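Below: one structure, written as structure tokens.
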Amino acid sequence: MAKPAKNTGLSGFPEHLPAERAVEQHVIDVFREVAELHGFAGIETRAVEPLSQLLRKGEIDKEVYLLRRLHAEDDGADDDGADPDRTLGLHFDLTVPLARYVLEHQNDLAFPFRRYQIQKVWRGERPQEGRYREFYQADLDVIGQDTLPGHVEAEVAVVMAEILARLPLGSFTIHANTRRLSEGFFRSLGLSDHAAVLRSLDKLPKIGADAVTELLLRDAGASREQAQACLAFASIRTRDASFAQQVRDLGGSGEMVEQGIAELTAVLERVEAAVPGVIMADLSIARGLDYYTGTVFETFIAGHESLGSICSGGRYDQLAADNRHTYPGVGLSIGLSRLVSRMLSADLARASRPVPTCVLVSVSDEEHRASSDAVAAQLRRRGIPCEVAPSAAKFGKQIRYADRRGIPFVWFPGTEGRADEVKDIRSGEQAPADAGTWEPSAADRTVQILAGSTTADEDTSRGDR
């Protein structure tokens, strides 16, 4: 095998050290465990889709990675992309594959279909902190066939809140808005280009109110009075249904506004009842409202607002359709690698040790390695992670090997009728032990994910933007 060249690191393609990977795996495990507690089934879709399918999502063509063989086949099936129906690309999210999956397996699925998916995706964007070209995404969706009840919108938010609450993140807030409320309010003002208004308001955190006002005047055809009303609408944030009267006081009226108020109030009340203190009405949320048809969510961590929304999604009534059915859905998605990156860089979480091994079984000499193997096998049968020393070096050297790897215990098999002994190399305590009955503490048996030094709630306001 050729010797790898120096400086071969590729930006945007993260590779974690074992202790960092343990934190990432913990997040994956928590997501899976909570999702399954709520009856969501895990799926995995193929990594590639026809380019024609990927490009249906919109202006994403510059970010799609194509897949082709080094030597194209004679039939041209994997050429340079001349035929988008035959050219394959790596998926850049998990929604496009889900739409295809639902259509292809509709006769084998029971609806509403409750699905979670944790999988790598690829996106050719400029790498920066927390943004990668290859990363894990974790999605949670409920898909209906033709219809999907409104209470699912709150239900999916509750599940995601429970997932985040189990992670060492500190305070977080799920911000919610509805398309119907925003669109109804803009209609009340006499603004017909709702998409232009939403696009302008979406830029508020980046460019500020004055610049957004100019955008509303130029792109949405708003008067200054209408622009100011839109900005006042976007400034509304409440923990309860009091947002409704504020909308009415700004001139919001009509059937669509009242429907939107009722929808958002129901979501607030249901999520608050299940997971108190995490939900907020935030009428500034505009991202995705040209795609989402109901409630939309974004989630922020207190003290880490610069990270942006760590979890977003909402209701969409046109995930997929064929000649017989439409498939509405409600979903939320976590940029898992992005979240883990911040957890590690901000010391929000760390692994208790870099390796899963709890016990290193020492080897007195190579003639007795079989005895050490037998001890290790007995411990593993009881669920205690262990490994056997790689060489029969002096015991001091074997202990130092365990210490370097972060292994807390060293086992010494007995010889010449003497009992086995186990040593806690952190305290130096050594005692007789039986591989059939000895138990480490629960904290030592497996790698623990510990809260870092900055997870304490420094901001009790729970992360208002």
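Some notes on this structure:
- Of everything listed in (1) of a type outside the set (D, E, K, R); (2) open to solvent by 60 Å² or more (accessible area, probe 1.4 Å); (3) not in a helix (DSSP H, G or I), the single unmet condition for ALA393 is (2).
- Test: GLY452 is surrounded by 14 or more Cβ atoms within 10 Å (Cβ to Cβ), over 27 Å from LEU169 (Cα atoms), modelled with pLDDT under 95 and in contact with a strand residue (DSSP E or B) (Cβ under 9 Å, 6 or more places away or on another chain): no
- Residues satisfying the stated conditions in the stretch 33-50, i.e. crowded, with 16+ Cβ neighbours inside 10 Å, under 16 Å from the mean Cα position of the chain (by Cα) and closer than 18 Å to ASP93 by Cα: ILE43
- Residue pairs whose Cβ atoms lie under 8 Å apart, separated by 6 or more positions or on different chains, with the first residue in the stretch 162-174 and in contact (Cβ under 8 Å) with a residue 40 or more places away in the chain and the second among the basic types (Lys, Arg), are SER171/ARG462; PHE172/ARG462; THR173/ARG462.
- Number of positions in the stretch 82-124 that are of a type outside the set (Ser, Thr, Tyr) and part of a helix (DSSP H, G or I): 8
- The residues in the stretch 351-380 that are buried (at least 21 other Cβ atoms within 10 Å of the Cβ) and assigned to a loop (DSSP other than H, G, I, E, B) can be counted, and the count is 3.
- Taking the listed residues GLY383, GLY417, the one that is free of Cβ contacts under 8 Å to residues at least 12 places away in the same chain, in a loop (DSSP other than H, G, I, E, B) and at positive phi is GLY417, with no other qualifying.
- Filter result (assigned to a strand (DSSP E or B), over 17 Å from VAL159 (Cβ atoms) and modelled with pLDDT of 95 or more) within the stretch 302-331: THR326, TYR327, PRO328
- Test: LEU339 is buried (at least 23 other Cβ atoms within 10 Å of the Cβ) and in contact with a Lys or Arg (Cβ under 8 Å, 6 or more places away or on another chain): no
- Scanning the stretch 172-211 for residues that are open to solvent by 10 Å² or more (accessible area, probe 1.4 Å), in contact with a Gly (Cβ under 9 Å, 6 or more places away or on another chain) and among the small types (Gly, Ala, Ser) turns up SER188, SER192.
- Total residues in the stretch 125-166, condition of a type in the set (Gly, Ala, Ser), open to solvent by less than 40 Å² (accessible area, probe 1.4 Å) and either more than 23 Å from ILE28 (Cα to Cα) or part of a strand (DSSP E or B) (or both): 2
- Within the stretch 212-224, the residues that satisfy the criterion of being small (Gly, Ala, Ser) and open to solvent by 30 Å² or more (accessible area, probe 1.4 Å) are GLY221, SER223.
- Sole exception among (1) surrounded by fewer than 17 Cβ atoms within 10 Å (Cβ to Cβ); (2) modelled with pLDDT of 95 or more for TYR291, by number: (2)
The values are calculated or read from the model by the stated rules, or taken from the named source; none is laboratory data. Computed from a predicted model, the values in this text were never measured in an experiment. Every residue, glycine among them, receives a Cβ derived from its backbone with ideal geometry; neighbour counts consider all protein chains shown. Only protein heavy atoms, including side chains, enter the accessible area calculation; ligands, DNA and RNA are left aside. Shrake-Rupley method; radii C 1.70, N 1.55, O 1.52, S 1.80 Å.
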